[in-house]
1. Kindly indicate whether any position in the range 314-322 is surrounded by 22 or more Cβ atoms within 10 Å (Cβ to Cβ), touching an Asp or Glu at 6+ places or on another chain (Cβ under 8 Å) and in a helix (DSSP H, G or I).
2. Being in contact (Cβ under 8 Å) with a residue 24 or more places away in the chain and surrounded by 19 or more Cβ atoms within 10 Å (Cβ to Cβ) is true for just one of 23, 18, 80. Which residue is that?
3. If you go through the range 231-258 one residue at a time, how many are over 25 Å from residue 500 (Cβ atoms), hydrophobic (A, V, I, L, M, F, W, C) and either assigned to a strand (DSSP E or B) or touching a residue at least 12 places away in the same chain (Cβ under 8 Å) (or both)?
4. Go through the residues of the range 282-299 one by one and say whether even a single one is closer than 23 Å to residue 79 by Cα and either touching a helix residue (DSSP H, G or I) at 6+ places or on another chain (Cβ under 9 Å) or small (Gly, Ala, Ser) (or both).
5. Restrict the check to the range 14-23 and report whether at least one residue is more than 23 Å from the chain's Cα centre (by Cα), not assigned by TED's automatic domain parsing to the domain that holds residue 213 and not in a helix (DSSP H, G or I).
6. Which residue is nearest to the chain's Cα centre (by Cα), if the candidates are limited to the range 360-389 and must be closer than 14 Å to residue 400 by Cα and in a loop (DSSP other than H, G, I, E, B)?
7. Which of the residues that make up the range 259-298 are at pLDDT 95 or above, assigned to a loop (DSSP other than H, G, I, E, B) and under 30 Å from residue 454 (Cβ atoms)?
8. Could you list all residues from the range 427-469 that are under 30 Å from residue 145 (Cβ atoms), outside any helix (DSSP H, G or I) and not small (Gly, Ala, Ser)?
Amino acid sequence: MIPYQPEPFTNFKDETNAKAMQAALDKVKAELGKDYPLIIGGERIATDEKIVSINPSIKDQVVGTTSKASRELAEKAMQAAAEAFKTWKKVSPDERARLLFKTAALMRRRKFEFSAWLSYEAGKSWPEADADTAEAIDFMEYYGRQMMKLGERQPLTRIPGEDNVLEYIPLGVGIVIPPWNFPLAIMAGMTTAAIVSGNTVVLKPASTTPVIAAKFVELLEEAGMPKGVVNFVPGSGAQVGDYLVDHPQTRFISFTGSREVGLRIFERSSKTAPGQIWMKRLVAEMGGKDSIVVHKDADLELAAVNIVNSAFGFSGQKCSACSRAIVHEDVYDEVVNRVVELTNGLKVGIAQDPSIYTGPVVDESAYNKILEYIEIGKQEGRLVAGGEKAEGNGFFIKPTVFADVAPDARIMQEEIFGPVVAFTKAKDFDHALEIANNTEFGLTGSVFTKDRALIEKARQEFHVGNLYFNRKCTGALVGVHPFGGFNMSGTDSKAGGPDYLLLFTQAKLSSEVF
């Protein structure tokens with residue numbers, strides 16, 4: 001087994017790669033508008049009611065439609081998953097891992113094609129789409145190896161006359177509810193972590209990005225996944241999502257999304273249904289309000305560049321995105337002015353255009369919400385960049401910067417999930433950390449300073465799950481930066497980390513006397 005290494009990102013300055021990506025975009029464009037059925041127990045089921053996925057860069061371009069599940073079909077999926085679990089749980093960890101390795105190999109061969117689907121359906125720029133696809137490959141390669149380790153004989157204290165064996169066995173049927181912002185990477189990571197651990201899954205993809213999930217399930221099937229191990233069930237949260245969360249046969253829920261929906265699932269999953277014989281396990285990642293702290297001794301150019309990249313990559317639609325910049329008062333004006341200069345140089349446009357940096361936001365609901373927050377920001381701070389719609393037949397918003405915002409302002413406290421960053425002054429480093437910790441979230445953060453003592457102080461006192469020094473607060477790599485946060489950011493599940501699969505297993509000890 002080759003040691004795990006993250007999938008390299010594609011260099012699109014290489015003409016060969018650029019041509020390959022353009023060819024993939026052309027290929028996918030010719031396939032737009034197709035209909036994708038439910039997949040339940042390996043059976044393809046078409047329904048009259050559909051979910052329509054559109055290109056957020058070109059609002060009248062349909063990416064595809066998926067059949068929409070009813071509660072009756074959700075029940076059918078649950079039973080298919082329960083039936084498949086009887087045999088899948090007995091498959092060896094190594095064999096389950098090989099399914100992931102085969103799927104990763106197939107995706108690697110079609111890397112540009114999957115990135116093209118991400119560009120059309122999620123509005124991702126070329127580099128952002130490429131990073132999403134690479135991360136999906138990473139999750140499969142990493143989790144496969146982690147399961148093989150868990151399948152080995154575990155070290156225990158040995159005593160004479162007994163043979164003691166500790167095994168990590170699967171939980172059962174899980175509900176996987178992934179987000180729209182990483183519709184391939186996070187969806188694939190959540191799904192494959194569950195199945196490589198021996199569980200079976202009912203996958204309810206995000207309604208704005210269901211086509212990429214359909215494509216991934218097709219890839220799993222091509223790799224040899226048995227029927228019923230993953231059941232593809234798009235549907236509404238209120239009708240299908242709640243039903244599956246409440247179901248007595250649901251053993252765990254893996255969720256990534258908003259704080260509001262995560263807390264709803266937390267509440268519902270904590271209640272036992274008739275016939276339920278376990279406490280449901282919840283693995284939840286619920287967002288953030290992430291800060292970059294800039295001390296007066298920092299490399300200010302490095303800090304400004306990383307604030308812009310962290311705030312406006314994928315239009316700020318990352319739970320790790322920088323939406324708060326906390327800058328020492330001595331260098332505040334210099335950092336703000338440089339960030340404004342860099343922001344004004346960003347090109348906004350259609351995600352399929354290789355020259356753009358910032359594409360659209362995902363849909364009309366997000367578009368309207370972000371514009372409402374921008375209006376709030378105009379009352380709470382000084383608008384210094386952006387602050388309005390951008391041109392085009394898509395959900396385009398100019399990258400927006402507010403200065404002189406109070407630490408307790410709404411745009412400093414509430415998750416906007418768009419291309420908006422707010423600046424506030426700090427009197428000193430302690431004051432900066434105080435502001436950084438004043439939200440209900442605790443996902444990511446960055447600190448820019450050259451002072452080793454301050455780095456160690458932040459390491460102890462900056463209360464986030466992923467803390468970075470002198471680099472951006474986005475871009476966690478599988479196996480390198482295990483990802484998950486504190487407080488209302490979720491259950492600190494550390495996706496892409498060595499203990500993640502433990503969340504989808506239970507430890508069983510067998511002891512035999514000789």
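1. Checking the range 314-322: at least one residue is surrounded by 22 or more Cβ atoms within 10 Å (Cβ to Cβ), touching an Asp or Glu at 6+ places or on another chain (Cβ under 8 Å) and in a helix (DSSP H, G or I).
2. The match here is 80.
3. So the first thing to find is which residues in the range 231-258 are over 25 Å from residue 500 (Cβ atoms), and the list is 234-236, 238-240, 242-243, 246, 248.
Next cut, hydrophobic (A, V, I, L, M, F, W, C) only: 238, 240.
Narrowing the set further to residues that are either assigned to a strand (DSSP E or B) or touching a residue at least 12 places away in the same chain (Cβ under 8 Å) (or both) leaves 240.
The qualifying residues number 1.
4. Our first condition is that a residue be closer than 23 Å to residue 79 by Cα; within the range 282-299, this holds for 282-283.
From what is left, the residues that are either touching a helix residue (DSSP H, G or I) at 6+ places or on another chain (Cβ under 9 Å) or small (Gly, Ala, Ser) (or both) are 282-283.
Checking the range 282-299: at least one residue is closer than 23 Å to residue 79 by Cα and either touching a helix residue (DSSP H, G or I) at 6+ places or on another chain (Cβ under 9 Å) or small (Gly, Ala, Ser) (or both).
5. yes
6. 361
7. Correct list: 286, 288, 289, 295, 296, 297, 298.
8. Passing the criteria: 443, 444, 464, 466, 467, 468, 469.
The values are calculated or read from the model by the stated rules, or taken from the named source; none is laboratory data. Predicted model, so just to flag it, every value in this text is computed and none were measured. Positions of Cβ are generated from backbone atoms using ideal geometry, with glycine treated the same way; all protein chains shown enter the neighbour counts.
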